[in-house]
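Here is the structure we will look at, set down as structure tokens.
The values are calculated or read from the model by the stated rules, or taken from the named source; none is laboratory data. In this text, all values refer to a predicted model and were calculated from it rather than measured experimentally. All Cβ positions, even for glycine, are placed from backbone atoms using ideal geometry, and neighbour counts span all protein chains on display. Protein only, heavy atoms only, side chains kept; ligands, DNA and RNA dropped before computing areas. Shrake-Rupley method; radii C 1.70, N 1.55, O 1.52, S 1.80 Å.
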Amino acid sequence: MKKRWYEAGLAFACTRCGNCCTGAPGAVLVTPNEIARLANAVELDRDAFRAIYTRKISGEAISLREKSDGSCVLYDPEQGCTVYQSRPRQCETFPFWRGIVASASAWESESRTCPGLNRGPTRSANEVDAISRRDGTFSSARSRLLSPQKD
Ligand code: SF4
């Protein structure tokens, strides 16, 4: 088997700086199960949560909305993520996304905006692979949407 560039593992510890929840617009995909969990966290029913907090982005894919400044609709500058315990898989698996662990240069590029990279506990290469396989980003959205019970 070909050696991975992160064979020695990758270190990460979130500093809760909020950079990944703010700044340039993006998409945070949510599956039906994640919507149900998030709706429960903010004490709304699913339909109300979908109407207030989500938007369709492509086909069946649904993303959380953003505020006018680009920050996540569920991010609070004082509190940070307001649904941290119920956060979607895309947030939970960051920064071990396929696109970020694809190369050392992609990882180093991400470290310029996320101060949590290269600090704290080290995940083994096999742990990184396991997380990145279920990263929850758009590239894996189709299979997730087809198998929402696997959330
Ligand atoms: S950018 Fe990195 S360190 Fe900052 S909140 Fe996001 S994951 Fe944590």
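Kindly indicate the residue of region 9-37 that is among the aliphatic types (A, V, I, L, M) and out of contact with any strand residue (DSSP E or B) (no Cβ under 8 Å at 6 or more places or on another chain) and also farthest from the ligand (Cβ to nearest atom) among those meeting that condition.
Ala36
Being open to solvent by less than 70 Å² (accessible area, probe 1.4 Å), more than 16 Å from the chain's Cα centre (by Cα), away from the ligand (no atom under 16 Å from the Cβ) and more than 30 Å from Gly120 (Cβ to Cβ): is that true of Gly59 here?
yes
Tell me which residues, restricted to region 120-131, are loosely packed, with under 13 Cβ neighbours inside 10 Å and not in a helix (DSSP H, G or I).
Once the filter is applied, which keeps residues that are loosely packed, with under 13 Cβ neighbours inside 10 Å and not in a helix (DSSP H, G or I), region 120-131 yields Gly120, Pro121.
Which pairs have Cβ atoms under 7 Å, sit 6 or more apart or on different chains, and link a residue in region 19-38 that is part of a helix (DSSP H, G or I) to one that is open to solvent by less than 50 Å² (accessible area, probe 1.4 Å) and of a type in the set (Phe, Trp, Tyr)?
From region 19-38, the pairs are Cys20/Phe94; Cys21/Tyr75; Ile35/Phe49; Leu38/Phe49.
Of the residues Asp47, Asp69, which is farther than 22 Å from Gly18 by Cα and open to solvent by 70 Å² or more (accessible area, probe 1.4 Å)?
Numbers: Asp69 fails: farther than 22 Å from Gly18 by Cα.
Selected residue: Asp47, the only one of Asp47, Asp69 that is farther than 22 Å from Gly18 by Cα and open to solvent by 70 Å² or more (accessible area, probe 1.4 Å).
Could you check how many residues of region 93-116 are among the polar types (S, T, N, Q) and touching a helix residue (DSSP H, G or I) at 6+ places or on another chain (Cβ under 7 Å)?
The total comes to 2.
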